[in-house]
Amino acid sequence: MNETKNKSQKGKKPNNKKQSTSSAKKAVQNVVSGGKTSTTKQSNPKSNKGKAVKNTQPQNKNISKKKPATTYKKRNNASITPAKPVKIIPLGGLGEVGKNITLYEYDGDMLIVDCGMTFPDEDTPGVDSVIPDFTYVLENKDKIKGLVVTHGHEDHIGAIPYLLKQLNVPIYATRLTIGLIAGKLKEHKLLGDAKLNEIADGKTINLGKFSVEFIHVNHSIPDAVAFAISCGAGTVVHMGDFKIDTTPIDDKVIDLARFAELGKSGVLAMLSDSTNAERPGYTSSERIVGESLSNLFKKAEGHRIVVATFSSNIHRIQQIIDEAARCKRKVAVSGRSMINVVNVAAELGYLKLPSGILVEIETIKNYSPSELVVITTGSQGEPMSALTRMATNEHRQVEIAPGDMIIISATPIPGNEKLVSRVVNELMKRGANVVYEKMYDVHVSGHACQEEQKLMMSVVNPRYFIPIHGEQKHLYKHAQLAYAMGIDYKNVIIGANGNVFELSSAGIKCTETVTAGRVLVDGLGVGDVGSIVLRDRKHLSEDGIIVVTVAIDSFTREVVSGPDIVSRGFVYVKESDELMEALENVVCTALENCYVLGVKDWNTIKTRIKDSVAKFLYNKTHRSPMVLPVIMEV
């Protein structure tokens, strides 16, 4: 039997295909084959050795009818029962952007794909970060063979230290990703015991009954990969975050040829990034940002330049450094995460730094503004970030001066618009020239838009499709694209965190729901902040607190001193003497009633004080502060 590779069908029009599928197929064939006919040597050494043969296999007419190689095995015209199903269990990343983690299970073995975190929102005041609930992972810890990671962004690696504190699972990732993970583990004092394994793209590893192939993709960070996860049930392509960039900064184009080979062999299912599913067209190349930066640097002659971007966007940082070197400027880095990533990327060779270009942030006072570029965190307006501290004149080393050019090289994440706007306004008050959002092409996304998503569906040609990595609206829109590409309606499933998807040649279904949720990290505490604590924090932030302190004789139940009333976040006591006096009378009345009625239980007395005070304050102010009675026994 002759083995053949994909052959370009240039110049031919496939029949009975939707127009969108046809154009996508043609584009893929040109990308994969470079517009030339692809040939391969025959595998039989005794027959036509070294000769090229053409691929005469017909193209699929409808991808919804495509059967994977594992559909059925036939022998003597007798069909055999399909292989055992593979289970896919997303514990994060569905219905949200961030906190990505997915489990795969087949025949008693399990593996984990990614283990990320997300940042708190207005519903989680005071919380530092949010990580997945590992309950189901720990329940199956004896089955887990390893953790494979697509790339080094926080929403894919940020929760790894918290998992390793409970389960020391071996980790497999590309070189830069391993370097960034190692940095996080070092902060948590876990690096010594960690099992970190560096895997190059194009390589395949075996984890129990799974084989995992690392396939290079383009993203906003180097060394990003997708996975072809194979087991007895078939092959599942897990895309991770990706886009198709034909002119990437590192000149490594997404490996479309390998995805096409997998598509020809038969792919059971595809899980794909939905972040930009609402955006038509293609995502622009990162090189566009370099051109815009060059123009802006020219406009900033004689003034200091401050560029805020994501610390993990190493390609963006490289372009800033290159432009600074061209303008003969020094570069200083501000922000803890930015400093850590730049150090790791430079050490591993992913950042090329001209000799002497980097200077410590503490030494910038030794240079004139026209000689400096500062790269900083804070592109999302985070309250404690370096850029925000610069805007509010709280940064120790950088004081914004009139004429400084501030370039915010990022688009606000949904929900952060107000934070970014506040920072922009503060910077402008200080006389800075601020470039932000879409004023210039200073940012491009690292995620695929609609045409790229359709192109990948056409190349991979999966039987089943599961959109991941996005809010509900993103997942829904991505599913609509799959229908448009000809994937059967019943073969596309929009899931939720905790759903257990069971896939085989017989079909796809959600069989059950397991524990999946979020765990809040606050300082050194993990999981000790729950719904009750968050409710109290919101209450305090909205209405403040009233503390009522009274000393009572433990034998006679008579008031020895007080009541003393403290207000925080409710009213200013010194300007509310009349209200405070009335409040003291309310407390005294409640205590007298308890004494008359012979109430001796401290909890009952506290409850009566709390109810009386709360009722009085609402009637007087229509506000409901938290009331905290404190009784001291003497």
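A few remarks follow.
- Counting only strands (runs of 3 or more DSSP E) that fall entirely inside the stretch 162-217 and contain at least 3 residues that are under 22 Å from the mean Cα position of the chain (by Cα) and closer than 30 Å to Asp251 by Cβ, the qualifying elements are 171-173, 210-216.
- Condition met for Tyr572 (hydroxyl-bearing (Ser, Thr, Tyr), in contact (Cβ under 8 Å) with a residue 24 or more places away in the chain and open to solvent by 50 Å² or more (accessible area, probe 1.4 Å)): no
- The stretch 195-209 residues that are of a type outside the set (Asp, Glu), paired with ones that are exposed (fewer than 14 other Cβ atoms within 10 Å of the Cβ) and modelled with pLDDT under 95 (beta carbon under 7 Å, 6 or more apart): Lys195/Asn168
- Ala614, sole failed condition from (1) among the aliphatic types (A, V, I, L, M); (2) closer than 14 Å to Gly544 by Cα; (3) exposed (fewer than 12 other Cβ atoms within 10 Å of the Cβ): (3)
- Residue count for the stretch 211-228, restricted to those that are of a type in the set (S, T, N, Q) and farther than 30 Å from Asp107 by Cβ: 2
- As a summary of the residue check, Val514 satisfies the conditions (1) at pLDDT 75 or above; (2) more than 17 Å from Tyr136 (Cα to Cα); (3) hydrophobic (A, V, I, L, M, F, W, C) except for the one numbered (2).
- Evaluation of Arg316 against (1) basic (Lys, Arg); (2) in a helix (DSSP H, G or I); (3) open to solvent by 10 Å² or more (accessible area, probe 1.4 Å) (one fails), failing number: (3)
- Applying the condition of being among the basic types (Lys, Arg) and either outside any loop (DSSP other than H, G, I, E, B) or at pLDDT 70 or above (or both) to the stretch 68-109 and asking which residue is farthest from Gly470 (Cα to Cα) yields Arg75.
- If you go through the stretch 285-313 and keep only what is in a helix (DSSP H, G or I), farther than 19 Å from His447 by Cβ and of a type outside the set (Lys, Arg), you end up with Gly290, Glu291, Ser292, Leu293, Ser294, Asn295, Leu296, Phe297.
- One residue from Glu139, Glu122, Glu154 being modelled with pLDDT under 90, among the charged types (D, E, K, R) and open to solvent by 10 Å² or more (accessible area, probe 1.4 Å): Glu122
- Among the residues of the stretch 450-476, the ones that are part of a helix (DSSP H, G or I) and closer than 22 Å to Asp245 by Cβ come to 12 in all.
- From the list Val571, Val529, Val547, the one residue that fits, being over 20 Å from Ser612 (Cβ atoms), in contact with a Leu (Cβ under 8 Å, 6 or more places away or on another chain) and either modelled with pLDDT under 75 or part of a strand (DSSP E or B) (or both), is Val529.
- Boolean, Asp601 is of a type in the set (Asp, Glu) and at pLDDT 80 or above: no
- Set Asp553, Asp564: member being touching a residue at least 24 places away in the same chain (Cβ under 8 Å), touching an Asp or Glu at 6+ places or on another chain (Cβ under 9 Å) and of a type outside the set (A, V, I, L, M): Asp553
- Count of the stretch 218-253 residues which are small (Gly, Ala, Ser), part of a strand (DSSP E or B) and either under 19 Å from His478 (Cβ atoms) or open to solvent by less than 10 Å² (accessible area, probe 1.4 Å) (or both): 3
- Positions within the stretch 165-174 being at pLDDT 95 or above and not β-branched (Val, Ile, Thr), in sequence order: Pro170, Tyr172, Ala173
- Among the residues of the stretch 617-633, those identified as closer than 19 Å to Val560 by Cα and open to solvent by 90 Å² or more (accessible area, probe 1.4 Å) are Met632, Glu633.
- If only residues of the stretch 504-529 that are charged (D, E, K, R) and farther than 24 Å from Ile487 by Cβ are counted, the one that is surrounded by the fewest Cβ atoms within 10 Å (Cβ to Cβ) is Glu512.
The values are calculated or read from the model by the stated rules, or taken from the named source; none is laboratory data. Just so you know, these numbers come straight off a predicted model, no measurement behind them. Positions of Cβ are backbone-derived with ideal geometry, glycine not excepted, and every protein chain shown enters the neighbour counts. Only protein heavy atoms, including side chains, enter the accessible area calculation; ligands, DNA and RNA are left aside. Shrake-Rupley method; radii C 1.70, N 1.55, O 1.52, S 1.80 Å.
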